[in-house]
Amino acid sequence: MNVVIIGSGGREHALALSVSKSKLLNKLFIIPGNPGTGKIGINILIDVNDSWGILNFCLSNSIDLVIVGPEQPLIEGISDILSKNGIKVFGPSKEAARLEGEKSFAKDLMKEYGIPTAAYEIFYKDDYEKSLTYLQNIKYPVVIKANGIAAGKGVVIAENYQSAKNAVDDCFLKHSFGNAGDKIVIEEFMTGQEASIFAITDGLDFILLPAAQDHKRIFDGDKGKNTGGMGAYAPTPFVDEEILFQISQKIVIPTLKAMRDKSANYSGCLYCGLMLTDEGPKVVEFNCRFGDPETQVVLPLLDGDLLELLITTANVKINKNSVWYNGGSSACVVAASAGYPDKYEKGKVISGIDIAENDELLVYHAGTSIKNGELVTNGGRVLGITSVIKENNLKLAKQKCYDAISKIHFDGMQFRKDICDKALNKNSN
Ligand SMILES: Nc1ncnc2c1ncn2[C@@H]1O[C@H](COP(=O)(O)OP(=O)(O)O)[C@@H](O)[C@H]1O
Ligand SMILES: [Mg+2]
């Protein structure tokens with residue numbers, strides 16, 4: 001098979017590595033890819049949002065499957081354009097991608113089908129005064145979310161009325177998120193451990209991949225601003241067999257049914273962002289694609305043939321026996337540029353990757369490029385330093401990861417020191 005992967009981050013590097021091991025693979029292209037994916041397949045410089053450009057490339061290169069990494073092209077309907085032209089796609093249709101693209105759509109669907117999630121109210125721009133009255137009469141903290149996608153910046157946890165009002169003003173008066181903030185969801189605040197779980201589904205049948213835990217804040221102890229993700233580990237001990245069963249029964253099965261009922265069959269990766277509350281797992285959000293950096297730790301824990309899983313899913317005949325959990329554990333620590341998630345410089349020379357890498361340690365590229373023959377930084381999140389070990393031992397996985405980081409260098413490199421700690425502290429309790 002000839003395969004295209006769309007995207008340029010650590011997630012796509014991880015997808016490319018797993019797909020490259022498939023016995024079904026002939027040629028692998030990554031659009032646009034990065035220096036890491038360039039060592040595994042052929043990088044093709046087309047914008048990820050240029051659906052017609054991508055379609056043309058696929059038609060002239062006999063592409064059998066397109067795997068879409070980021071949400072934007074899916075929300076804009078790349079799956080529909082490709083499949084209408086005879087190209088198979090792993091990733092949901094435009095209609096189905098609304099589960100991520102419109103938070104109010106996902107919330108209303110969950111309410112209608114009794115899927116556990118935080119209680120909420122929806123307000124439109126025209127309801128400005130009404131939303132403020134509502135905020136004067138509720139318990140805090142409360143969560144305010146821009147309806148559309150806002151690059152991870154559209155969610156505010158407000159401790160009091162004033163900060164809630166500021167969040168509403170940002171959306172409705174300052175238009176900080178454009179159309180994405182013309183509608184907001186105001187949600188009850190939930191407490192518990194967060195977990196991410198990927199359901200791979202053809203719309204009817206599905207498998208769950210090992211559960212991961214992401215670290216979204218920039219600083220240790222979940223302090224500071226939100227980022228694209230500063231690290232992850234899997235499997236997370238917070239999700240046991242009983243919780244997995246509940247996730248299947250109460251969340252994944254009814255969500256897929258709801259989508260079928262609405263003639264928006266969901267196929268691809270349904271990313272369930274969960275809060276593990278005292279009342280059981282509840283949905284924080286759905287994403288319509290693999291998570292970053294969770295993918296970087298989940299895929300290396302699968303034996304079997306990922307490409308077989310993805311192509312059978314795209315063919316609406318998922319082979320659930322294509323992959324299985326290999327019993328290991330994995331930790332990924334993101335090395336980021338100084339200043340990230342705010343302003344940062346690019347072009348810093350990166351050294352030490354080759355010394356750090358070994359059988360149990362891989363370094364994913366996220367924001368890198370080649371300049372004058374040297375590998376340099378080219379983004380906020382630069383590398384994903386990732387240990388993969390054969391036993392389920394997160395303590396060892398963490399140690400191997402941080403041993404490797406000490407060998408890697410670029411000017412201003414910052415990273416969290418506490419990836420895995422929530423799980424490790426749980427085990428010592
Ligand atoms: N109802 C909620 N209760 C507690 N925390 C929440 C709630 N909703 C969101 N969060 C926190 O905010 C983060 C971002 O929210 P999310 O809905 O995932 O939006 P996005 O990923 O699009 O920014 C979550 O990972 C979680 O930490
Ligand atoms: Mg999220």
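The values are calculated or read from the model by the stated rules, or taken from the named source; none is laboratory data. Keep in mind that what you see is a predicted model, and the values were worked out from it rather than measured. Cβ atoms come from the backbone with ideal geometry, glycine included; neighbour counts cover every protein chain shown.
Structure values in brief
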{"item": "Long-range neighbours under 9 Å by Cβ, at least six apart or interchain, first residue on the phi > 0 side of the Ramachandran plot within the stretch 284-309, second surrounded by fewer than 23 Cβ atoms within 10 Å (Cβ to Cβ) and of a type in the set (Gly, Ala, Ser)", "result": "Gly304/Ser322"}
{"item": "Filtered residue count, the stretch 276-319, keeping only those that are more than 15 Å from ligand 1 (Cβ to nearest atom), among the hydrophobic types (A, V, I, L, M, F, W, C) and within 18 Å of Tyr266 (Cβ to Cβ)", "result": "6"}
{"item": "The lone exception for Ile122 - which of (1) assigned to a strand (DSSP E or B); (2) more than 16 Å from ligand 1 (Cβ to nearest atom) it fails", "result": "(2)"}
{"item": "Options Glu159, Glu129: the member that is touching a Pro at 6+ places or on another chain (Cβ under 7 Å), farther than 29 Å from Thr255 by Cβ and not assigned by TED's automatic domain parsing to the domain that holds Tyr266", "result": "Glu159"}
{"item": "Number of the exception - Glu112 against (1) buried (at least 18 other Cβ atoms within 10 Å of the Cβ); (2) away from ligand 2 (no atom under 16 Å from the Cβ)", "result": "(1)"}
{"item": "Listing of strands (runs of 3 or more DSSP E) fully contained in the stretch 129-203 that carry 1 or more residues being among the polar types (S, T, N, Q), within 16 Å of ligand 2 (Cβ to nearest atom) and touching a residue at least 40 places away in the same chain (Cβ under 8 Å)", "result": "193-201"}
{"item": "Subset of the stretch 1-17 (residues that are out of contact with any strand residue (DSSP E or B) (no Cβ under 7 Å at 6 or more places or on another chain) and either over 17 Å from Thr368 (Cβ atoms) or crowded, with 24+ Cβ neighbours inside 10 Å (or both))", "result": "Asn2, Gly7, Gly9, Arg11"}
{"item": "Members of the stretch 268-307 that are aliphatic (A, V, I, L, M), surrounded by fewer than 24 Cβ atoms within 10 Å (Cβ to Cβ) and either modelled with pLDDT under 95 or within 12 Å of ligand 2 (Cβ to nearest atom) (or both)", "result": "Met275, Val283, Val284"}
{"item": "Within the stretch 187-207, tally of residues that are crowded, with 20+ Cβ neighbours inside 10 Å and more than 10 Å from ligand 1 (Cβ to nearest atom)", "result": "9"}
{"item": "Only listed residue being in a strand (DSSP E or B) and buried (at least 24 other Cβ atoms within 10 Å of the Cβ), chosen from Ala397, Ala331", "result": "Ala331"}
{"item": "Pick from the stretch 25-43, criterion crowded, with 16+ Cβ neighbours inside 10 Å and hydrophobic (A, V, I, L, M, F, W, C), ranking: nearest to Gly384 (Cα to Cα)", "result": "Ile40"}
{"item": "Single unsatisfied condition, Ile87 versus (1) buried (at least 18 other Cβ atoms within 10 Å of the Cβ); (2) assigned to a loop (DSSP other than H, G, I, E, B); (3) touching a residue at least 40 places away in the same chain (Cβ under 8 Å)", "result": "(3)"}
